[in-house]
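A.B. asks: Let me begin by handing over the structure; questions about it come next.
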Amino acid sequence: MMSKVIVLRLGHRIKRDARITTHCGLVARAFGANEMVFSGEEDKGVIASLEKVAERWGGDFRVTYMHSWRKFIESFEGVKVHLTMYGLPVQRVIDEIRDLGRKKSILIVIGGEKVPGIIYKLVDYNVAITSQPHSEVAALAVFLHEYFRGKELELNFPGAKLKVVPQKCGKKVVKTEEVP
Ligand code: SAM
């Protein structure tokens with residue numbers, strides 16, 4: 001049994017990042033994290049759209065805004081991981097982090113446009129998903145996939161109102177009371 005996984009998304013800007021921060025939350029939820037906290041500009045729209053997804057598709061994923069990311073990281077009791085192209089390759093450190101995650105909560109910090117330099121020192125691990133620049137959404141997805149060893153692909157989301165019935169071709173979505 002793994003402990004809680006919390007994602008901290010830094011530097012949210014309402015005008016430019018609404019979509020990408022929402023995508024961070026969608027990925028966090030779908031790939032097994034318990035919670036996302038975001039800092040930068042407060043944005044009720046991001047919270048509302050992620051809450052709506054959780055209400056329809058189930059689970060108890062939570063999203064909150066936190067003004068002081070620094071206090072949040074410093075007071076976090078658990079293992080702190082920052083995803084950055086400059087860190088150690090994920091394949092080298094993921095077993096160690098997963099072992100720690102059996103007893104301690106994990107905080108995964110992902111950046112936005114610019115990450116304050118102090119972050120690198122506030123965390124226990126700086127982890128790279130390749131040493132190439134890409135995206136916080138992709139980095140988060142791959143990290144969670146490695147962390148949960150693919151088991152997150154089979155996750156069930158209790159209380160879902162809607163469920164997809166996988167199809168070779170086309171879309172089939174049923175209301176949960178219709179699921180046999
Ligand atoms: N040059 C920026 C920096 O690191 O300050 C890159 C910003 S990138 C658009 C936004 C975020 O995506 C980064 O803060 C990091 O969390 C994540 N990211 C991008 N490439 C990554 C990689 N190769 N490995 C891990 N995380 C990555």
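The values are calculated or read from the model by the stated rules, or taken from the named source; none is laboratory data. All figures in this text were calculated on a predicted structure; none of them were measured in a lab. Note that we place each Cβ from the backbone using ideal geometry, even for glycine, and neighbour counts take in every protein chain shown. Ligands, DNA and RNA are stripped out before the accessible areas are found, and what is left, the full protein with its side chains, is counted by its heavy atoms. Shrake-Rupley method; radii C 1.70, N 1.55, O 1.52, S 1.80 Å.
A.B. asks: So if we plug the beta-carbon distance of residue 149 and residue 120 into 1/(1 + (r/R0)^6) with R0 = 30 Å, what FRET efficiency do we get, rounded to 0.05?
C.D. replies: FRET efficiency, residue 149 to residue 120: 0.65.
A.B. asks: Got a number for carbon plus sulfur as a percent of region 73-180's accessible area, 1.4 Å probe?
C.D. replies: C and S fraction of accessible area: 53 percent.
A.B. asks: Ok, one more. Measure nothing fancy, just the Cα-based angle from helix 136-147's long axis to the longest principal axis of the chain, in degrees from 0 to 90, nearest 10.
C.D. replies: Once rounded, one gets 80 degrees.
A.B. asks: I've got another one for you. For region 120-180, what is the accessible area per residue in Å² when the probe is 1.4 Å?
C.D. replies: Using a 1.4 Å probe on heavy atoms only, each residue of region 120-180 averages 71 Å².
A.B. asks: Another one. Give me the dipole magnitude in Debye, nearest 20, for region 45-180 about the Cα centre, with unit charges on the beta carbon: positive for Lys and Arg, negative for Asp and Glu.
C.D. replies: 240
A.B. asks: Right, next: Express the carbon and sulfur contribution to the solvent-accessible surface of region 31-70 as a percent, rounded to the nearest whole number, probe 1.4 angstrom.
C.D. replies: Answer for region 31-70 is 50 percent, counting heavy atoms of protein chains only.
A.B. asks: Mean separation of Cα pairs under 8 Å and 6+ residues apart, divided by the residue count of region 61-180: what relative contact order is that in percent?
C.D. replies: Relative contact order for region 61-180 comes out at 27 percent.
A.B. asks: For residue 99 and residue 86 in one chain, what is 0.36 nm times their gap in residues minus the Cα-Cα distance, to one decimal in nm?
C.D. replies: Result: 2.4 nm gained on full extension.
A.B. asks: To continue, here is another question. Which order do you get for 46, 27, 173 if you rank them by accessible area with a 1.4 Å probe, largest at the top?
C.D. replies: 173, 27, 46
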